[in-house]
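A short reminder: the numbers here are calculations on the coordinates, not readings from a lab. Here the structure is a predicted model, which means the values were calculated and not measured. Please note: Cβ atoms are built from the backbone with ideal geometry, for glycine as well, and neighbour counts cover all protein chains shown.
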Amino acid sequence: MLNLIEFLRQTLNTDVLDPSFFQIVLIKAIDLIDEAQAGSVTVLSEEDGRYHYAAAVGYDLAELSKVSFSSDEVLFLVKNQKKGSFVVNNLADIHKKQLDKKRASVLRSAGKSKKIKATLCLPIKLGSKVVATFMLDNFDDADAFDAEAKTMAEVMALEIAIAVKQINVVTELRDAKLKLKHEIELMAQEAAIYSRSLSKRITAMELEKFDQKPRFSKRQEQLIGLFAQGKNVAQCATMLDLKRQTVRNYLSGVYKILGLRSRKEVIAWAKENGY
């Protein structure tokens, strides 16, 4: 578990959300979860509102990329929204029932769905919205993924969700900065006398000036996410390899930042803010 957390801290510290990001995390997930022999990742596209394959290990990604899923199809699979991870043993049957023959055929051939005995599913959620799904597969044993594997998967899903959220915030702030810069530059063109001064001020602006959100440490973000899932202090301590008092100390810091007094209030705040 410590190796997993350390890897996630290093790998997820990025401001670019592209296929290479998901490929690197998928490879490490398969490496750390012994039962996983192959896997794939689908990501929600804002352009068409469908889930497309962004990464794969053990499969033909070029062929899988020919397949996409609607929100209804993904939510059918992610049937228990309260679970951080869950196991599916009949993936080929689900594909046959939910998908058209062409897509099901591609998943049988390129995705080896009929050979898969167990799939550990990791829905990556921002609030109630599933933004990606990690699928870790085992070809030998329907009971391959034990409680420890599921716990590691839940920690990974939480970390990835935090990283995706942070990347989205940085992207939004960057876009806002560029938009504001463009608008002020237009104003500067109409008032040439001020253009040089305004240009210097825009260049000197930092993203932090636009960020009005509370600033949490990485560990505080983890705890807020776990509390939003309904975990208690003891469970958080176990999942993050921390002492219970250490968890309480981090929680006190969250109270101070938010001006709240109880874990119940933190949970309510977290759900209102998309954790």
Exercise. If you rank T246, T119, T133 by fewest surrounding Cβ atoms within 10 Å, what's the result?
Worked result: T246, T133, T119
Exercise. Using the per-residue mean of other Cβ atoms lying within 10 Å as a proxy for protection, in what order, highest first, do the peptides 108-117, 152-161 fall?
Worked result: 152-161, 108-117
Exercise. Taking a 32 Å limit on the Cα-Cα distance, which of the listed pairs K129/K218; K117/K264; K66/K179; K179/K231; K243/K271; K117/K243 fall beyond it?
Worked result: K117/K264; K66/K179; K179/K231; K117/K243
